[in-house]
Amino acid sequence: MRGLRSAVWGLGIAVLYSSSVWAVGETATATLKLADGTDAGIATLTEGTAGVLLNLSLKGLAPGPHAIHIHETGKCEGDFASAGGIHNPLGAKHGFLHDEGPMAGDLPNIYAAADGTVTVELLSPFLTLSAEAEDGLFDADGATIVVQEKRDDYESEPDGGAGARVACGMITLNK
């Protein structure tokens, strides 16, 4: 039975990786910093036909859950208010649980281990890295990834009651 299970998993993984769902398009990167300027890690974003896959490798966070969002402005200054609001080109309401949500920049919560690290992949079907897309991230003022001090409740305006912004990184399209 174990051999059959392994064969089925192997076939499933092969199909997944050969599928057009994961066709690679544009890629982007964000180097995140904590509010004190300390390195907080990196995010890589890859466009596929199912949306944008985000690979996060973060450090220096308080252990536990944290909200993470894509924000509308490519600036990470001071308390990170410079990043603006959550990316919301279609005027939705905040959160996966809101009847009129989610915003394009809403993402699932991440969880920092006891040592403050996070390694996770997230898929957002609401984002695009295409520079030509009207609702894309790369307008005149760019975009950022912002991590907040607490978890997102997925419905409270404007950011799920997630508290202060603790890490930020400007998203840069790879050439």
Note on THR73: of the conditions (1) touching a helix residue (DSSP H, G or I) at 6+ places or on another chain (Cβ under 6 Å); (2) open to solvent by 60 Å² or more (accessible area, probe 1.4 Å), unmet is (2)
Residues of the range 77-106 being under 19 Å from ALA167 (Cβ atoms) and open to solvent by 50 Å² or more (accessible area, probe 1.4 Å), which ones?
GLU77, GLY78, ASP79, ALA81
Pairs, first touching a residue at least 60 places away in the same chain (Cβ under 8 Å) in the range 88-103, second of a type outside the set (Asp, Glu), C-beta under 6 Å, six or more apart:
LYS93/GLY101; HIS94/GLY101; HIS94/MET103; HIS94/PRO158; GLY95/GLY101; GLY95/PRO102; GLY95/TYR154; GLY95/GLY160
Being at pLDDT below 90 and open to solvent by less than 50 Å² (accessible area, probe 1.4 Å) narrows GLY136, GLY163 down to just GLY136
Taking the range 107-133 as the region of interest, how many residues are open to solvent by less than 10 Å² (accessible area, probe 1.4 Å), small (Gly, Ala, Ser) and in a loop (DSSP other than H, G, I, E, B)?
1
State which residue is nearest to the chain's Cα centre (by Cα) when the search covers only the range 35-58 and only residues that are hydrophobic (A, V, I, L, M, F, W, C), open to solvent by 30 Å² or more (accessible area, probe 1.4 Å) and modelled with pLDDT of 95 or more.
LEU53
Scanning the range 139-158 for residues that are among the hydroxyl-bearing types (Ser, Thr, Tyr) and open to solvent by 10 Å² or more (accessible area, probe 1.4 Å), the one farthest from ALA67 (Cα to Cα) turns out to be SER156
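The values are calculated or read from the model by the stated rules, or taken from the named source; none is laboratory data. Keep in mind that this is a model prediction, so the values were computed, not measured. Because the Cβ atoms are built from the backbone with ideal geometry, glycine has one as well, and the counts that use them run over all protein chains shown. Note: accessible area is taken over every heavy atom of the protein model, side chains too, but ligands, DNA and RNA are not part of it. Shrake-Rupley method; radii C 1.70, N 1.55, O 1.52, S 1.80 Å.
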